[in-house]
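What follows is a short report on a single structure.
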């Protein structure tokens, strides 16, 4: 019976890996087709989604059992937070490019 559980978890891991690789390819194709003028609004929307993902990662971290799961959950929270903060910084810098600069002459 223990072998059946191990085979099932290996099969589930392979399915999850397949979905991850497929999502990476689809994501690359979708992002590479976006015109440059849409990058800033799409980045702002992605930051909002990543904020929800960080909340989900915190919920997972709160219910994690065992040291490995706790470390992985906290790593997910930390990396997600870095992604959100970095996205907002980049979005802010991109929006600064569209602001008019005051003339140096009075």
Worksheet, complete the sentence: Pairing a residue in the stretch 67-90 that is surrounded by 13 or more Cβ atoms within 10 Å (Cβ to Cβ) with any residue that is not in a helix (DSSP H, G or I), where Cβ atoms lie under 8 Å and the two sit 6 or more apart in sequence or on different chains, gives 70/64; 72/64; 73/64
Worksheet entry | Every residue from the stretch 63-83 that is over 28 Å from residue 43 (Cα atoms) and touching a helix residue (DSSP H, G or I) at 6+ places or on another chain (Cβ under 8 Å) | 64, 70
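The numbers here are math on the coordinates, done by the rules we state, and not lab data. Since this is a predicted model, take the numbers as computed values, not measurements. Note that each Cβ is placed from the backbone with ideal geometry, even for glycine, and that neighbours are counted across all protein chains shown.
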